[in-house]
Amino acid sequence: MPYAAITAVGHFLPEDRLTNADLEKMVDTSDEWIRTRTGIRERRILRDPNKATSYMATEAARECLRKRGMDPEDVELIIVATVTPDMFFPATACLVQANLGARNAWGFDLSAACSGFLFALSTAARFIESGKHKRVMVIGADKMSTITDYTDRKNCILFGDAAAAVLLEPDPECGVIDSVEHCDGNNWELLCMLGGGSLNPPTHETVDRKMHYLHQEGRSVFKLAVEGMAQVAVEIMERNNLTADDVRYLVPHQANLRIIDATARRMGLSPDKVMVNIDRYGNTTAATIPLCLYDWERQLRRGDNLILAAFGGGFTWGAIYLKWAYDGDKVAAAAEATAETSTENA
């Protein structure tokens, strides 16, 4: 049985930045308060009202395919992890499929909040391992600014907009080695969006009560996230007889720097073995983990052991043991050279 290996990574970040200084003008907060409690300095915002999650997801997928030198028609399946779809239906994956021109692909959306990309990657791996498909695109994308209440000073500081995509292909040695997934809906009301679904369809009342914005009980969620992410990261290591020395990087969901630090400590990892970019992007929900892979791609080598871990609304949480499949610096350099040649020819 082959492994499902990541063979390319792409991303999209909006140009507009929302800094802590900007937020100081909007709500009662300060740069020092935000940085010490979350680790965030700025986040990206897609301000164009005519561009939504599918736009960011498509751009990330295009870059991913371009780096791999692959035609969109070669993609067989597209899975988009998101809690901010363009609309309830059609699925964002369908819009991405059309935008890409991936006419031979089918697709669907997966909703697991901040664990969305991890769950989507685990799901996609099964299609590769079974032999059903050979080329699967997994995208984490969220336009969180559309469900963030910018008068809520405790939560509006956290979120940003972004997308990142990975391509999965069969590999005899590297790829998704093991995964652990959990969910528990008993405390769902601590992190949710009450309005817009079949329980609370849109009305003047739901809008007036701000039920179409994300709601989060920060302290309670923080405690659960620290326990859940750390527990599952250690669990995946123990299941595979990995020590801290065996792990090249922890790739954690970027919700809060203190949660990331607590997880790393439980795993026995030093800070240089932890991917952290929350300071630049904030919490982009389903996009955080693949964004980390993109930012650290040049430092990754074939055979590197990565532990992916996430915790999100639902509650959902999980971890993946992934063995990296290619030398990132060579692929990134080749992609840049190709892009420069294309620009010169144009």
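The values are calculated or read from the model by the stated rules, or taken from the named source; none is laboratory data. Please read all numbers here as calculations on a predicted model, not as lab measurements. Here the Cβ positions follow ideal geometry from the backbone for every residue, glycine too, while neighbour counts run over all protein chains shown. SASA here: full protein model, heavy atoms, side chains in, ligands and nucleic acids out. Shrake-Rupley method; radii C 1.70, N 1.55, O 1.52, S 1.80 Å.
The table below lists the values:
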| read-out | value |
| --- | --- |
| Sorted largest first, extent of the stretch 50-189 alpha carbons per principal axis (Å) | 49, 36, 25 |
| Percent antiparallel among DSSP beta bridges (both partners in the chain, rounded to 5) | 70 percent |
| Charge dipole magnitude, Cβ of K and R +1, D and E -1 - the stretch 202-250, Cα centre, debye nearest 20 | 180 debye |
| Rounded to 5, the percent of DSSP beta bridges in the stretch 185-325 classed as antiparallel | 65 percent |
| Estimated dipole of the stretch 253-338 in Debye, rounded to 20 [Cβ of Lys and Arg +1, of Asp and Glu -1, Cα centre] | 280 debye |
| Packing rank of 69-77, 179-187, 132-140, 258-266, where each peptide gets the mean count of other beta carbons within 10 Å, highest leading | 132-140, 258-266, 69-77, 179-187 |
| Carbon plus sulfur fraction of accessible area for the stretch 231-346, probe 1.4 Å, in percent | 47 percent |
| For the stretch 195-260 and the stretch 28-93, distance of Cα centres in Å | 18 Å |
| Farthest positive-ward along the chain dipole, Cα basis, beta-carbon charges - from 156, 270, 296 | 270 |
| Accessible-area composition of the stretch 58-209, carbon plus sulfur, in percent [1.4 Å probe] | 52 percent |
| Neighbour-limited loop hits for chymotrypsin sites (Phe, Trp or Tyr not before Pro), the stretch 7-112 (at most 13 other Cβ within 10 Å; DSSP other than H, G, I, E, B) | 88 |
| Kirkwood Rh (inverse of mean 1/r, distinct Cα pairs), the stretch 134-266, angstrom | 17.9 Å |
| Normalised per residue, the volume of the convex hull around the Cα set of the stretch 16-96 (Å³) | 144 Å³ |
| Solvent exposure ordering (accessible area, 1.4 Å, most first) of 213, 321 | 213, 321 |
| Protection-proxy order for peptides 299-308, 42-51, each taking the mean of Cβ atoms within 10 Å per residue, highest first | 299-308, 42-51 |
| Cβ-based net charge around residue 58, under 12 Å, with every Lys or Arg adding one and every Asp or Glu removing one | -1 |
| Relative contact order for the chain, counting Cα pairs under 8 Å that sit 6 or more residues apart, in percent | 24 percent |
